[in-house]
Every structure is written in C-alpha cells, then in structure tokens.
Amino acid sequence: MARWMVPWVPISNQSLLRWCAEAALRSGSLTKQAEANAATDWKKKLTPEQFYVTRQKGTEPPFSGIYLNNTESGIYCCVCCSAPLFSSEKKFNSGTGWPSFSEAYGTCGRDESNANIMRRPDNSLGSTRTEVVCKQCDAHLGHVFDDGPPPSGQRFCINSVSLNFRPGSGQ
C-alpha cells in the first residue's frame, strides 16, 4: 500500500482521499461565501436597477433606457467594469425599445475573439435565445438575435442600464 508523507506523518491512500473530499466540501462553502461577498460588493457599486439587470439577469422596461435615442459618437462600456462593449458606429434604431447594435466593439467580421462580450444559451422564457454577457465581469447585458441589418444580420438588444457611454470617436 502506497503511503504519502505530509511533514513527517504517513498517510494511507484512503486517508488522503478522505482529506481531499473534505477539502473539496470546504472549498464549496467558501465559494458560496465568496459569491455572497461579491454580490454585496456589486450592490454597493451599482444602483438597484443596475444590479437587477447585470447581476440577476433582469431586463429594463422597453423604451425606458437613457441610451435608446442617443446619437452621439462614442463607446458604450460595461457599467460594472468599464470594458468597451459597443461602438456608436454600429448602433441602429430597431424599434424594439432597447439600444441595438449590429456588432460588438472589437469584432472583425464574425470573429468576436477580441470583443469583450460572450454569448450563452438562454432558455429562461421557454424558448431558446442567446444571452450576451461581459467577458470581463460576467455582467448580463441583453440578448442577440439574427434579425439585424446587413452585413452582420445581427441585432444586439442591450439594456441601457448595463452600459455607460464614453463620448468620443466611436472607433
């Protein structure tokens, strides 16, 4: 039977496995505590509506967002971590009630590897949609649909409350 030495104490394989299992259980509870601490930190940093949308996957009411009709040039950044997400150059009026973009900032054709967004399947309303989240901090931003303008054919439908606008060139 193999034995492990932990500073001068021999341990059997069974003892080592039990210790590893207990450590895994302990780390699970620490993870839950860390998640609770992170939620508390986000609640301190964000408004209640920002927290609801970005951390709890909520949606702001249609036609209520401050950036819906914004036509200034600039970059839309994540409200949680300030990562650049969308350019005003790719913003369009979709008539849906939320700011819409044809592609994410940093996208090259269909390649989003340099963009600060990720796509995830979302089955929360009984139909399959594609959720859009910030790649840097995992904030829920909105959803993307395949009914946008050419050439991308995409419509990123994004909650204003998940964004901060940084005026500038938009490039």
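The values are calculated or read from the model by the stated rules, or taken from the named source; none is laboratory data. Values in this document were obtained by computation on a predicted structure and should not be read as measured data. Virtual Cβ from ideal backbone geometry, glycine too; neighbours counted across all protein chains shown. The accessibility values were calculated without ligands, DNA or RNA, using every heavy atom of the protein model including side chains. Shrake-Rupley method; radii C 1.70, N 1.55, O 1.52, S 1.80 Å.
Some observations on this one:
- Chain lengthening between Q56 and F145 when straightened (0.36 nm per residue, less Cα-Cα): 30.0 nm
- Annotation: extensible slack from E49 through S169 equals 40.3 nm (criterion: 0.36 nm per residue apart, minus Cα-Cα distance).
- Sorting 56-68, 37-49, 130-142 by their mean Cβ neighbour count within 10 Å, with the most densely packed peptide first, gives 130-142, 56-68, 37-49.
- Each peptide in 102-115, 74-87 gets a packing score, the mean of other Cβ atoms within 10 Å over its residues, and the list from highest to lowest is 74-87, 102-115.
- For the Cα trace of the range 45-169, dividing Rg by the Kirkwood Rh returns an Rg/Rh value of 0.92.
- Length added when fully stretched, E89-M118, from 0.36 nm per residue minus Cα-Cα: 8.4 nm
- Förster radius 35 Å - calculated FRET efficiency between A36 and S64, Cβ distance, rounded to 0.05: 0.70
- Computed with a 1.4 Å probe over protein heavy atoms only, the accessible surface of the range 125-171 comes to 45 Å² per residue.
- The count of lysine pairs in the range 24-171 that are at least 8 places apart or cross chains, and whose C-alpha atoms lie under 22 Å apart, stands at 14.
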